[in-house]
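Down below is the structure, laid out as structure tokens.
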Amino acid sequence: MTADVALILLQDGIVSGAVYVLLATVLVLIFSVTRVIFVPQGDLIAFTALTLSAFETGNVPGTVWLLMFGATAAMLLELRQAVPQRDRARILRSLLRFGALPALIAIVAVFLVPKTAPLLWKMTVSCALVACLGPLIYRIVFQPLAASSPLVLLIAAIATHLGLNSVGLHLFGAEGVRTEGFSGQPFSIFGIIVTQQAAGVLASSVIAVVGLYLFFRLSLRGRALLATAYNRRGAELVGISTETAGRTVFFVAGLAAAVSGLLIGPTTTLYYDSGFILGLKGFVGAIVGGMAVYPLAAAGALLVGTVEAFASFWASAYRDVIVFLLIIPVLFWRSVSSVPAEDGLE
Amino acid sequence: MTALLEIERFTVRYDRLVAVNDVSLQANAGEVTAVIGPNGAGKTSLVNAVMGLVPFEGRLAFPAWPQVAHSTEARVRARISLVPETRDLFGPMTVFDNLRLGAFAARGERDFDMAARLDETFRLFPRLAERRDQRADTLSGGERQMLALGRALMLRPRFLMLDEPSLGLAPLIVAEVFRVIARLRDQGVSILLIEQNARAALRLSDRAYVLENGAVRLHGKASDIAADPRVIEAYLGGSVALASDRRERQSGRVG
């Protein structure tokens with residue numbers, strides 16, 4: 001292997017790593033606020049690419065029906081609680097949040113995205129469609145289980161993934177898609193050729209991760225979200241609603257998934273079921289980073305991307321195996337290291 | 001005397017276990033109302049239900065704030081605050097962050113001034129100012145109790161419920177905690193005080209209820225309760241050693 005090849009592989013690795021960074025960050029985030037290991041995050045990423053691709057071919061993406069169905073279910077659940085209590089504010093909120101808003105997005109998606117629309121508009125609508133799925137999944141699946149053990153939540157997450165997977169096959173079909181990327185001339189930095197796509201991926205990922213980090217570090221609202229993770233009852237006692245906290249992180253997750261999907265779509269072919277492997281790689285990144293600390297999870301995810309790039313050069317058939325092997329020494333080191341594992345909960 | 005909290009025929013159940021049975025109680029504005037009684041008497045269940053943390057049967061009203069809904073969030077927004085027996089601090093966060101989050105529900109109020117509230121709390125608890133950037137889970141027991149109290153005070157509560165504020169603290173710290181409660185009372189904060197330390201609780205309260213096995217056994221003016229022979233015998237009499245003996249024997253029961 002020459003230095004040139006190594007450099008190209010490294011660049012590839014960093015670019016796909018950047019997407020895993022976003023994924024790992026969101027997984028850690030959701031886990032620390034709600035104790036859910038959000039397996040379907042990868043599915044949402046795949047759905048974004050499939051949605052954008054449907055817009056590109058001039059079709060109505062299946063995501064619209066998924067959104068309408070999910071929103072209706074969430075609205076009924078919410079109304080069933082709010083109506084007997086005669087809580088007018090809550091009835092109004094649920095009609096807006098789970099009725100009007102998804103309906104508006106669906107109408108835009110069905111009527112206002114012609115095949116000739118600019119790429120940026122298609123991307124925006126795809127983003128909106130997928131980002132809204134996050135809070136819906138929370139309302140339907142996880143909010144009723146909020147007090148359950150992490151194991152129950154994990155089982156629910158896997159069930160959600162399987163459900164989304166089957167629905168995905170029905171809605172999008174079995175063909176893979178590759179979406180349009182940011183076009184434009186590649187440029188060179190320090191003698192390394194960088195495509196605009198790669199630069200876009202890196203920039204978006206860095207902005208998203210730094211933004212999340214600052215939000216959770218500095219803002220009172222971000223601290224409040226973390227507080228629900230540290231002590232649920234304590235959070236309730238200072239007036240932080242755990243439901244709002246859950247809804248917020250799942251919205252952030254949906255948004256991050258949508259952005260990841262747009263970033264990764266042009267670089268690889270995605271199928272309705274590509275999400276699982278993607279999610280697993282983000283998960284490996286999160287584990288390598290200790291499942292607790294954002295900067296470390298990001299470093300872990302970059303490592304995963306790099307290892308993946310080099311592995312596909314040397315032994316492409318074993319690419320995924322080699323990536324998943326990473327987890328063994330990390331877990332081994334963590335179990336023998338004397339400091340008890342800090343999972344961000346205690 | 002205006003009633004802040006009125007509960008009537010109040011019952012709290014956990015499955016088949018009845019923790020609070022048909023209790024009626026009233027807490028007045030500007031007063032300290034004490035609820036004393038042994039472990040397992042249902043004191044904690046009572047305040048948790050009042051705070052909206054556990055479901056209850058019966059009538060519960062805040063006559064001064066009739067529109068307050070039965071949820072913890074609504075209580076907090078009405079500036080009703082509970083310092084729980086378990087403290088429930090945000091362990092990995094700093095003292096500063098814990099205090100700031102105490103005012104989380106008040107952010108939207110007019111003239112909200114975080115700095116002024118922090119100053120006020122630090123003046124009441126100089127120790128917290130020294131520990132400002134330390135993680136809450138590295139504090140001593142006494143400091144944690146002060147932080148829990150300080151966090152609740154950041155809301156500037158109109159009605160403050162304290163669940164066993166002296167539990168598990170060294171005598172010197174207990175004295176300090178009760179000094180702070182007395183100071184809050186003098187500032188006009190209405191307080192519902194749950195205590196096992198009957199002597200100290202009765203000394204600084206106006207009215208008192210004695211709770212046993214989930215039911216009110218006695219109630220009246222705190223001075224009358226403190227003079228009642230039955231209370232003297234069960235809660236105030238005997239040596240300190242005996243009292244702590246009793247506490248140890250009963251500590252296995254539901255709180």
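Worth pointing out:
- Counting Lys and Arg as +1 and Asp and Glu as -1 over every other residue whose Cβ lies under 11 Å from the Cβ of B:ARG79, the net charge comes to +3.
- For chain A, the fraction of C-alpha pairs farther apart than 29 angstrom is 40 percent.
- Helix B:171-186 axis, angle to chain B major axis (alpha carbon atoms, nearest 10°): 80
- Annotation for region A:54-70 versus region B:2-17: alpha-carbon center distance of 51 Å.
- 3J(HN,Hα) from dihedral phi, region A:251-262, Karplus parametrisation 6.51/-1.76/1.60, rounded to Hz, x for glycine, proline: 5, 4, 4, x, 5, 5, 4, 4, 4, 4, x, 5
- For region B:90-104, 3J(HN,Hα) computed residue by residue from phi via the Karplus equation (6.51, -1.76, 1.60; θ = phi - 60°) reads 8, x, x, 9, 6, 3, 4, 5, 4, 5, 4, 5, x, 9, 4 Hz, glycine and proline entered as x.
- Placing unit charges on each Cβ (+1 for Lys and Arg, -1 for Asp and Glu) gives the protein assembly as shown a dipole about its Cα centre, and among A:GLN185, B:ASN28, A:ASN59 the Cα reaching farthest toward its positive end belongs to B:ASN28.
- Protection proxy ranking of A:132-142, A:313-323, by the mean of other Cβ atoms within 10 Å over each peptide's residues and highest first, is A:132-142, A:313-323.
- Value at 222 nm in deg cm²/dmol, rounded to 500, when DSSP H runs of n ≥ 4 in chain A each add -39,500 (n - 2.57): -24000 deg cm²/dmol
- The dipole here belongs to chain B: it is taken about the Cα centre, uses +1 on the Cβ of Lys and Arg and -1 on the Cβ of Asp and Glu, and is about 120 debye.
- Relative contact order computed over chain A (Cα-Cα under 8 Å; 6+ residues apart), in percent: 36
- Nonlocal amide H pairs with B:SER24, under 5 Å, H built at 1.01 Å: B:ARG9, B:PHE10, B:VAL216
- Mean separation of Cα contacts under 8 Å (6+ apart) over length of chain B, as relative contact order %: 28
- Relative contact order of region A:123-197, defined on C-alpha pairs under 8 angstrom at six or more residues apart (%): 15
- Distant-in-sequence amide H partners of B:SER190 (H built 1.01 Å from N, under 5 Å): B:GLY30, B:LEU160
- Whether region B:57-121 is rounded, prolate or oblate, judged on the alpha carbon gyration tensor where a/c under 1.5 counts as rounded: oblate
- A:LEU218-B:ARG9 FRET efficiency (beta carbon distance; Förster radius 60 Å; 0.05 resolution): 0.80
- Estimated 222 nm signal from helices in chain B, with DSSP H stretches of n ≥ 4 weighted -39500 (n - 2.57), rounded to 500: -10000 deg cm²/dmol
- Computed label-point distance, nm, for sites B:LEU218 and B:ARG107 using a 7 Å Cα→Cβ extension: 4.8
- The translational diffusion coefficient of chain B, from Stokes-Einstein at 37 °C and 0.692 mPa s with a Kirkwood hydrodynamic radius over alpha carbon pairs, comes to 176 µm²/s.
- Alpha-carbon Rg with Dmax, taken over region A:149-299, Å: 18.5, 57
- Projecting label points 7 angstrom from Cα along Cα→Cβ for B:ARG123 and B:ILE232 puts them 4.2 nm apart.
- Taking 0.36 nm per residue of separation and subtracting the Cα-Cα distance, full extension of the segment from A:ASP320 to A:ILE193 would add 43.0 nm.
- Under a Gaussian network description of chain A, with springs only between Cα atoms under 10 Å, the residue in A:LEU270, A:LEU50, A:LEU95 that fluctuates furthest is A:LEU95.
- Debye intensity ratio I(q)/I(0), log10, region A:37-126, q values 0.18, 0.22 Å⁻¹ (C-alpha model): -0.83, -1.01
- Principal-axis analysis of the Cα atoms of chain B puts helix B:114-124 at an angle of about 50° to the longest axis.
- Summed side-chain charge close to A:GLY275 - residues other than A:GLY275 whose Cβ falls under 15 Å, Lys, Arg +1, Asp, Glu -1: -2
- Reduced Cα scattering model of region B:1-97, Debye log10 I(q)/I(0), q = 0.10, 0.18 Å⁻¹: -0.30, -0.92
- Annotation: extensible slack from B:ALA74 through B:ASN21 equals 16.6 nm (criterion: 0.36 nm per residue apart, minus Cα-Cα distance).
- Once you reduce region B:201-228 and region B:88-126 to the center of their Cα atoms, the two points are 33 Å from each other.
- Its convex hull of Cα atoms gives the protein assembly as shown a direction-averaged projected area, equal to a quarter of the hull surface, of 31.7 nm².
- Close amide H pairs (under 5 Å, H built 1.01 Å from N) link B:LEU211 with B:ILE36, B:GLY37, B:ARG217, residues at least 5 positions away or on another chain.
- Two-decimal ratio, region A:125-187, of alpha-carbon radius of gyration to 2.2 N^0.38 Å: 1.57
- Taking every residue in B:101-113 and counting other chain Cβ atoms within 10 Å of its Cβ, the average works out to 3.
- At an R0 of 30 angstrom, the distance between the Cβ atoms of A:LEU120 and A:ILE328 translates into a FRET efficiency of 0.10.
- ³J(HN,Hα), Karplus 6.51/-1.76/1.60, whole Hz, each residue of region B:138-151, x for Gly, Pro: 9, 7, 6, x, x, 5, 5, 4, 5, 5, 4, 5, x, 4
- Net length available on complete extension from A:ALA174 to A:LEU151 is 5.1 nm, with 0.36 nm assigned per residue and the Cα-Cα distance removed.
- Once the Cα atoms are used to define both axes, helix B:240-250 deviates from the longest principal axis of chain B by about 90 degrees.
- Cleavage-rule hits, GluC sites (Glu not before Pro), region B:59-146, DSSP coil, Cβ neighbours within 10 Å at most 16: B:GLU109
Taken together, the values in this text are just the output of simple stated rules run on the coordinates, not laboratory data. Nothing here was measured: the structure is a model prediction, and the numbers come from that model. FYI the Cβ positions are ideal-geometry reconstructions off the backbone, even for glycines, and counts take in every protein chain you see.
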